[in-house]
Amino acid sequence: MRIDILTIFPDMFTGFLDQSIMKRAQQKGLAEIHTHNLRNFSAQTQKSVDDYAFGGGAGMVMMAQPIVDAIESLQKEREYDEVIYLSPDGELLNQAMANQLSLKKNILLVSGRYKGIDQRIRDGWITREISIGDYVLSGGELPAAVLADALIRLIPGVLSDESSALLDSFQGDLLDAPVYTRPADFRGMKVPEVLMGGNQALINEWRHQASMDKTRKRRPDMLGEEGK
């Protein structure tokens, strides 16, 4: 998978991309992540990328020219499966969406700022709009990083134990069961005995029931039980 990110703050991604799973995926040649500074595509003398909104009102709007030129420049080099704009009014990101997008080959992410991007970009060049939650951030860089992480960790070979991603919360529409490690007794709080008994069938049964109980308590909407 290759992920290209358009942003006016490419340095925000430096530490994130050079650590942990993201670094490992790139070192293994399983993923490429490239950031592109939108100011490099600006036709303005001062390399500005924003302007006042038609109709007035507070806040600036990112102009169409730099973003469209950046998208079209990258599209000359490769075909993108999706051109995604990270926006609080987009589709809410969930695990099923991440699973589906992780099968793509090339994805282009557009990180907005200020009051957002010119609507004409969204109408003519963006193929999908995604939100990571019902709240507003200062820009699309953090959502882009979140989405990139959610996708790349699902690529076979990225995690040392490939089954780990398949057992995470939201896979199978349930929250993950509680997990424990040594010591078995920590300050009087003990690990459930079934997890140390070695009977995998009983362990699997316990984990499934624990997942159900946790989901019912914390996210009843996932079980269709909201309001009951």
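Being among the aromatic types (Phe, Trp, Tyr), farther than 14 Å from residue 121 by Cβ and touching a helix residue (DSSP H, G or I) at 6+ places or on another chain (Cβ under 9 Å), is that true of even one residue in region 33-48? No, there is no match, as no residue in region 33-48 is among the aromatic types (Phe, Trp, Tyr), farther than 14 Å from residue 121 by Cβ and touching a helix residue (DSSP H, G or I) at 6+ places or on another chain (Cβ under 9 Å). For region 170-211, the set of residues classified as within 30 Å of the chain's Cα centre (by Cα), more than 17 Å from residue 222 (Cβ to Cβ) and not in a loop (DSSP other than H, G, I, E, B) consists of 204 only.
Among the residues of region 159-169, the one identified as assigned to a loop (DSSP other than H, G, I, E, B), modelled with pLDDT of 55 or more and under 16 Å from the mean Cα position of the chain (by Cα) is 168. Within region 186-208, residues that are at pLDDT 95 or above and open to solvent by 100 Å² or more (accessible area, probe 1.4 Å) reach partners that are β-branched (Val, Ile, Thr) and outside any loop (DSSP other than H, G, I, E, B) with beta carbons closer than 9 Å, at six or more positions or on different chains, in the pairs 205/194. Only residues that are open to solvent by 50 Å² or more (accessible area, probe 1.4 Å), outside any loop (DSSP other than H, G, I, E, B) and farther than 14 Å from residue 70 by Cβ: list them for region 16-58, please. 16, 20, 23, 24, 26, 27, 32, 51, 52 - these are the residues of region 16-58 that are open to solvent by 50 Å² or more (accessible area, probe 1.4 Å), outside any loop (DSSP other than H, G, I, E, B) and farther than 14 Å from residue 70 by Cβ.
Could you tell me which of the residues 110, 61, 83 is under 23 Å from residue 136 (Cα atoms), over 16 Å from the mean Cα position of the chain (by Cα), in a strand (DSSP E or B) and touching a residue at least 24 places away in the same chain (Cβ under 8 Å)? It would help to see each step written out before you state the result.
On the way: 110 fails: over 16 Å from the mean Cα position of the chain (by Cα); 83 fails: over 16 Å from the mean Cα position of the chain (by Cα).
Residue meeting the stated conditions: 61.
Of the listed requirements (1) assigned to a loop (DSSP other than H, G, I, E, B); (2) in contact (Cβ under 8 Å) with a residue 24 or more places away in the chain; (3) open to solvent by 20 Å² or more (accessible area, probe 1.4 Å), residue 133 misses just one: (3).
Applying a threshold of 7 Å to beta carbon distances and a minimum spacing of six or more residues, or different chains, the list of pairs starting in region 10-21 at a residue that is within 21 Å of residue 39 (Cα to Cα) and touching a residue at least 40 places away in the same chain (Cβ under 8 Å) and ending at one that is outside any helix (DSSP H, G or I) and of a type in the set (Ser, Thr, Tyr) reads 13/35. Using the structure shown, decide if residue 9 is open to solvent by 70 Å² or more (accessible area, probe 1.4 Å), on the phi < 0 side of the Ramachandran plot, touching a helix residue (DSSP H, G or I) at 6+ places or on another chain (Cβ under 7 Å) and not acidic (Asp, Glu). Yes; evaluated as a whole, the condition is true for this residue.
The values are calculated or read from the model by the stated rules, or taken from the named source; none is laboratory data. Since this is a predicted model, take the numbers as computed values, not measurements. Counting neighbours? That spans all protein chains shown, and the Cβs are built from the backbone with ideal geometry, glycine included. What goes into the accessible areas is simple: the full protein's heavy atoms, side chains included, and nothing from ligands, DNA or RNA. Shrake-Rupley method; radii C 1.70, N 1.55, O 1.52, S 1.80 Å.
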